[in-house]
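What follows is a set of notes on a single structure, which appears directly below.
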Amino acid sequence: MIIAKTREEIELMREAALVVSKTLGEVAKAVTPGITTLELDKIAEECIRDQGAIPGFLGLYDFPNTLCMSPNSQVVHGIPNNTPLVEGDIISIDCGAIKHGFYGDHAYTFPVGEIDADTEKLLQVTKESLYVGIRELKVGKRVGDVGYAIQKYCEDHGYGVVRELVGHGLGRVMHEDPEMPNYGKRGRGKKFIEGMVVAIEPMINMGTQRIKQHKDGWTITTLDGKPSAHFEHDVAVLDGKPELLSTFAYIYEALGIVSNEENEFRQKALVL
Ligand code: MG
Ligand code: MG
C-alpha cells in the first residue's frame, strides 16, 4: 500500500533528503585519485551525525557501512574498502540518512579526475534519464509511465537498463510501496497519489543489462564488466506534480559545476 504523507511530513522528509544532499556535497570535495572508499565513508558518517541525523544504511539489512560505494563495473551496493580510487575511475555513491524518523536516500556517480568520453556520456545520459522519469511522477499517471520513460531514453542510447534492482517508495522505512522499476509499459502499474514520496534511481549499464551478485552478498556488477552509472533523487507528489526533495546543488558547488538542470526541471514540471 502506498503511504501518502502530509505536507508537514513531506517538509520533514525534505530535511532528511537535504542531510544526504549536503553529505554527498562534502564527499564530492574528497573524491580524488588516491582516496579510498573507506575514507569517504568516514567523511559521510561524520557529516550525517554533525547534522543531527543517523546514517540510514549502516546496519540496515546488516549493511556494514554508511555509504554504498560502487566503482566502475559495480552497479550498486558495493562495500567501502581500502582500495584507492584511480584517475579515470567512476564511483557510484549511494547515501541514506534518517532525520525526524524519515529516510533520505540519494545517489550520484562521480568521475575520478578525467574519464573517457564514452563513460562521460553514460553518466550524462543516466542523469538525464532520472529527470525524464521524474517528470512522469504526477497524480493519475502510473509506475509504468516512469519506468517506460527511463527505459526508452536509455535504450535509445544503446544502454542496458538493470531489471533486478528498482527504485521505491520512501518514508519512515527505507523501502515502501511502490516499487519503481526503471523499465515498464505506459499506463501500467500502481497509480500515483498526492503526498506519496519515492526514490527514483536509474541504474544504467554501458553494455548488457545483465548483472551478477558477488559472494559478499552485496556487491552487484555488470556481467560484461563494462561501467554502470546510478543517479537517485527523492521526489514527492505535491499539488499533483513532482517536487524534488533532494538536490545535487551541493555536489555542483563542491565541484565548481554550473548547472541549471534542477530549475529547468521545475519549470518544465509546472507546465506539464
Ligand atoms: Mg539510494
Ligand atoms: Mg534507493
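The values are calculated or read from the model by the stated rules, or taken from the named source; none is laboratory data. Computed from a predicted model, the values in this text were never measured in an experiment. For neighbour counting, all protein chains shown are included, and Cβ atoms are generated from backbone atoms with ideal geometry for every residue, glycine included. Protein only, heavy atoms only, side chains kept; ligands, DNA and RNA dropped before computing areas. Shrake-Rupley method; radii C 1.70, N 1.55, O 1.52, S 1.80 Å.
In this structure, does residue 253 turn out to be touching a helix residue (DSSP H, G or I) at 6+ places or on another chain (Cβ under 9 Å) and modelled with pLDDT under 95? Can you show your working first?
Working: touching a helix residue (DSSP H, G or I) at 6+ places or on another chain (Cβ under 9 Å): yes; modelled with pLDDT under 95: no.
For residue 253, the condition - touching a helix residue (DSSP H, G or I) at 6+ places or on another chain (Cβ under 9 Å) and modelled with pLDDT under 95 - is not met.
State whether the residues of region 228-243 include one that is within 17 Å of residue 104 (Cβ to Cβ), away from ligand 2 (no atom under 16 Å from the Cβ), open to solvent by 30 Å² or more (accessible area, probe 1.4 Å) and not in a loop (DSSP other than H, G, I, E, B).
Yes; the residues of region 228-243 include at least one that is within 17 Å of residue 104 (Cβ to Cβ), away from ligand 2 (no atom under 16 Å from the Cβ), open to solvent by 30 Å² or more (accessible area, probe 1.4 Å) and not in a loop (DSSP other than H, G, I, E, B).
Given (1) under 20 Å from residue 135 (Cα atoms); (2) open to solvent by less than 20 Å² (accessible area, probe 1.4 Å), identify the lone condition not met by residue 171.
(1)
Just a yes or no: is a residue in region 205-213 free of Cβ contacts under 8 Å to residues at least 40 places away in the same chain, away from ligand 2 (no atom under 16 Å from the Cβ) and either in a loop (DSSP other than H, G, I, E, B) or not hydrophobic (A, V, I, L, M, F, W, C) (or both)? Full working, then the answer.
To start, the set of residues in region 205-213 that are free of Cβ contacts under 8 Å to residues at least 40 places away in the same chain comprises 212-213.
In the following step, the residues that additionally are away from ligand 2 (no atom under 16 Å from the Cβ) were identified as 212-213.
With the extra rule that they be either in a loop (DSSP other than H, G, I, E, B) or not hydrophobic (A, V, I, L, M, F, W, C) (or both), the set shrinks to 212-213.
Yes - at least one qualifying residue is present in region 205-213.
What residue, of 77, 106, is in contact (Cβ under 8 Å) with a residue 24 or more places away in the chain, at positive phi, surrounded by 21 or more Cβ atoms within 10 Å (Cβ to Cβ) and not basic (Lys, Arg)? Steps first, answer last, please.
On the way: 106 fails: at positive phi.
The unique qualifying residue is 77.
For region 1-58, what are the residues that are more than 27 Å from residue 194 (Cα to Cα) and among the polar types (S, T, N, Q)?
23, 32, 36, 37, 51
Collect the residues in region 244-254 that are touching a His at 6+ places or on another chain (Cβ under 7 Å) and either more than 23 Å from residue 74 (Cβ to Cβ) or part of a strand (DSSP E or B) (or both), keeping them in residue-number order. Talk me through it step by step, then tell me what you get.
Looking only at region 244-254, we keep the residues that are touching a His at 6+ places or on another chain (Cβ under 7 Å), and these are 244, 246.
Of everything in region 244-254, just one residue is touching a His at 6+ places or on another chain (Cβ under 7 Å) and either more than 23 Å from residue 74 (Cβ to Cβ) or part of a strand (DSSP E or B) (or both), namely 244.
Return the residue satisfying two criteria in turn: it lies in region 56-74 and is assigned to a strand (DSSP E or B) and open to solvent by less than 30 Å² (accessible area, probe 1.4 Å), and of such residues it is farthest from ligand 2 (Cβ to nearest atom). Don't jump to the end; show me each part of the working.
Initially, region 56-74 is screened for residues assigned to a strand (DSSP E or B), giving 67-71, 74.
Among the residues that remain, those that are also open to solvent by less than 30 Å² (accessible area, probe 1.4 Å) are: 67-70.
Details: 67: 13, 68: 9, 69: 15, 70: 13 Å.
Among residues in region 56-74 that are assigned to a strand (DSSP E or B) and open to solvent by less than 30 Å² (accessible area, probe 1.4 Å), the one farthest from ligand 2 (Cβ to nearest atom) is 69.
Restricting the search to region 21-55, which residues are in contact (Cβ under 8 Å) with a residue 40 or more places away in the chain, farther than 22 Å from residue 81 by Cβ and outside any loop (DSSP other than H, G, I, E, B)? Don't jump to the end; show me each part of the working.
Of region 21-55, the ones in contact (Cβ under 8 Å) with a residue 40 or more places away in the chain are 21-29, 31-38, 40, 44, 48, 51-55.
Now drop any that are not farther than 22 Å from residue 81 by Cβ, which leaves 21-22, 25, 51-54.
Residues satisfying the conditions are 21, 22, 25, 54.
Sort out which residues of region 88-99 are over 16 Å from residue 246 (Cα atoms) and either within 16 Å of ligand 2 (Cβ to nearest atom) or surrounded by fewer than 22 Cβ atoms within 10 Å (Cβ to Cβ) (or both), and write them in order of number.
Taking region 88-99 as the starting set, the residues that turn out to be over 16 Å from residue 246 (Cα atoms) are 88-92.
Of everything in region 88-99, those that are over 16 Å from residue 246 (Cα atoms) and either within 16 Å of ligand 2 (Cβ to nearest atom) or surrounded by fewer than 22 Cβ atoms within 10 Å (Cβ to Cβ) (or both) turn out to be 88, 89, 92.
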